[in-house]
1. Please indicate, with yes or no, whether at least one residue in region 22-40 is closer than 23 Å to residue 133 by Cβ, open to solvent by 20 Å² or more (accessible area, probe 1.4 Å) and not in a helix (DSSP H, G or I).
2. Tell me, which residue of region 28-83 that is closer than 25 Å to residue 148 by Cβ and hydroxyl-bearing (Ser, Thr, Tyr) is modelled with the highest pLDDT?
3. Given the options 193, 154, 197, name the one that is under 20 Å from the mean Cα position of the chain (by Cα) and within 19 Å of residue 131 (Cα to Cα).
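The values are calculated or read from the model by the stated rules, or taken from the named source; none is laboratory data. What you see is a predicted model, and the numbers here were worked out from it, not measured in a lab. In this analysis, Cβ positions are derived from the backbone assuming ideal geometry, glycine residues included, and neighbour counts consider all displayed protein chains. Accessible surface is based on the protein model in full, side chains and every heavy atom, while ligands, DNA and RNA are left aside. Shrake-Rupley method; radii C 1.70, N 1.55, O 1.52, S 1.80 Å.
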Amino acid sequence: MPITLSTTLLGLLTGLGLIVAIGAQNAFVLRQGLTRRHVGLVVAVCAVSDAALIVAGVAGVGAVITAHPAVVTVVRWVGAAYLIAFAVQSLRRAARPGALEAEGRAGTRRGTLLTVLALTWLNPHVYLDTVLLLGSVANQQGADRWWFAAGAVTASVLWFGSLGFGARLLAPLFARPVTWRVLDVVIAVVMVTIAATLLLSA
């Protein structure tokens, strides 16, 4: 296997290993996919944001962030506050009945855009995973580091596209209000857990 191809595959697998997990961003993409509201917008924002952060990490921005920990601290506290607010919103939705079609009528394009941007850029783990971790692994590849970056970016596009557009296959299950309630409670627990992790690590 040519070294560039193996390096790209390494980037792909490393990228998937980091993003294929239940987190704030993935939970939101899943929910938008289920409601079929602005799915393309959400997937595009997540994939482009990941690509920008991965490129920044490979370009050496991770070293700058490491040298200025105050920036990460500010993002940590703001991100935790936003995640808690999002969790409260999810619990409020779970407290009242609603079905897939009712959810489909809710949510403006602007509100969706602001939410996905906040969940992406106010999460310190995003910087740790993409900028610092992927950036450091990529730079270990020497001259092939950009092939590694290409693989990691491809992983993001594949994952978010599959999660967002593939979620519609679960639509029949989520036609039942109780399923939406369970999902919203799970999302709330995930958000609070992540927020607590951020605050405890401060």
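1. yes
2. Within region 28-83, the match that is modelled with the highest pLDDT is 49.
3. From the options 193, 154, 197, the qualifying one is 154.
Residues are listed down the side, and each one gets a yes or a no for (1) hydroxyl-bearing (Ser, Thr, Tyr); (2) modelled with pLDDT under 80:
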{"position": "117", "(1), (2)": "no, no"}
{"position": "135", "(1), (2)": "no, yes"}
{"position": "154", "(1), (2)": "yes, no"}
{"position": "157", "(1), (2)": "no, no"}
{"position": "163", "(1), (2)": "no, no"}
{"position": "170", "(1), (2)": "no, no"}
{"position": "202", "(1), (2)": "no, yes"}
